[in-house]
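The values are calculated or read from the model by the stated rules, or taken from the named source; none is laboratory data. Model, not experiment: these values are computed from the prediction. A quick note on method: Cβ atoms are made from the backbone with ideal geometry, for glycine too, and the neighbour counts reach across all protein chains shown. The area values use the complete protein model at the heavy-atom level, side chains included, leaving out ligands, DNA and RNA. Shrake-Rupley method; radii C 1.70, N 1.55, O 1.52, S 1.80 Å.
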Amino acid sequence: MTALASDAGRAKRGIVPILLCVVPFSQIPLDAYTPGLPQMVVDLATDSASMQNTVTAYMLGMSLALVPVGIASDTLGRRNVLLAGLSMLIAMSVACAMATSASLLLGLRFLQGIGGCTCLVVAYAVAADCYRGRELTAISGLLGAAWGLAPVLAPAAGGFIVDLTSWRGVFIVIAIAASTVAMIVVFLLPETLPAERRAPFDPRRTAGILRDALLRPGFLAFVLVFAAAASAQLAFGVVAPFFYQTGLGYSAAIYGLVALGLGGVNLAGELGCAHFAQLLPARLLGFGAFALFVAGAGVLTGTGMTLGLDFVSITLGGALVLGGCGVLCPMMYGMGLGLFERDHGLIGGLISALCYLAVSGAMAIAAVLPEETQAPIGLLYLGLCAIAGVLLAISLPAARQATQTQEGITS
């Protein structure tokens, strides 16, 4: 029995590196090509709003597919759904590289988002198949860090690829890298949900779970704060290339380095959340991160109105926003998921779907904002801060009460 347990433990540990390779591919296609957005405007004879909306199209594809993909993986098995999603991601990446119009690229990016979302949903589902309790929390933290590294490294790598080849080369590199991950899955990832544990699709039960989740006190508040913070993170990624490259005249490679530094700040926030969540009260941690968000929004708005486009101001304001949102995103996701004792795959898909739908709307707004200064994006952030601040004030006490109730039920 001891030997069998040891073998099982080694098998589970061997799955973790594979998942760490898989989960970033939900985010890499979202961020890697953004340094090429100004070049794409010229090559496809379109405007900046249309090219920024290619980010929104990917997000929309992800958001609409998250729950169906989670249900499909519960019914058909993890490997089958993951490989299908990776195949779609690879095919659509190649098609994006060959796109000849903005409208075609928008449609292809939507389909690419459907493929990419499987890497997020299935990776966490596999982790939940293999781990429980504190182990699952630890593995989820590792997956979150791997996901967080994607927006740190992808724009930097994308900037150099754009300089060496073109924006089309970025999509080819994504296709090659995703193909490599698919081969790893084929040969090394076992099926973690055997046939006897799969649940036939039951629309009534699924609808009941989703309804109960939406009515759970505090749940929607956590999701909307998560969405506000994620919107701020991703909106900066689509407007920043135009600030630094078009407005200030820096190259795609230089912007990539700036994005690397700002992404590092965001990642530091995510890792800080993992560390301080066990040391600080939720209210203190949440409002501390919120203060950074507000400060960054204020810097961007104030300097945009007084100084105009300015490298230091944009970078400082962006760093404050991304650092604060780096804490808020995993914190809100974890607290929302923590309200439930089961069906975490479906609930996680619901949280992500609602978040990405809200983010898609915010990204559409960001795409049409004037780019002469950083003030408009700062004003958008102040609006998001107003929403997040009210919801934090409401939801954090609700979370504490919900936790006490759950502890009472458990005891």
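Observations, loosely collected:
- Accessible-area composition of the stretch 203-396, carbon plus sulfur, in percent [1.4 Å probe]: 73
- Calculated on C-alpha atoms, the gyration radius of the stretch 203-396 divided by its Kirkwood radius gives an Rg/Rh of 1.01.
- 21 Å tail of the calculated P(r), the stretch 217-299, as % of Cα pairs: 41
- Among the helices of the chain, those built from whole DSSP H runs whose Cα atoms reach 27 Å or more along their own axis and whose mean Kyte-Doolittle hydropathy is at least -1.0 are 2-22, 48-76, 78-97, 102-130, 133-164, 167-188, 219-241, 252-276, 282-306, 311-337, 344-367, 375-410.
- Listed residues VAL186, VAL294, VAL69, most fluctuating in the chain (Gaussian network, C-alpha, under 10 Å): VAL186
- Calculated FRET value between VAL368 and GLU196, using beta carbons and R₀ = 60 Å, to 0.05: 0.70
- Applying the Kirkwood pairwise sum to the alpha-carbon positions of the chain produces a hydrodynamic radius of 21.6 angstrom.
- When the chain is treated as a Gaussian network with alpha carbon springs shorter than 10 Å, the biggest mean-square fluctuation among LEU44, LEU143, LEU111 belongs to LEU44.
- Reduced Cα scattering model of the stretch 12-189, Debye log10 I(q)/I(0), q = 0.09, 0.14, 0.15 Å⁻¹: -0.30, -0.71, -0.80
- Springs join every pair of Cα atoms under 10 Å in this Gaussian network model of the chain, and among ALA156, ALA319, ALA84 the largest mean-square fluctuation is at ALA84.
- Extending 7 Å from Cα along the Cβ direction at ALA45 and again at LEU260 yields two label points whose distance is 3.7 nm.
- Ellipticity at 222 nm from helices only: DSSP H runs of n ≥ 4 in the chain, each -39500 (n - 2.57), divided by the residue count, give -28500 deg cm²/dmol.
- Rolling a 1.4 Å probe over the heavy atoms of the protein chains gives the stretch 79-223 an accessible area of 46 Å² per residue.
- When the solvent-accessible area of the stretch 12-189 is split by element, carbon and sulfur atoms take up 73 percent of it, the probe being 1.4 Å.
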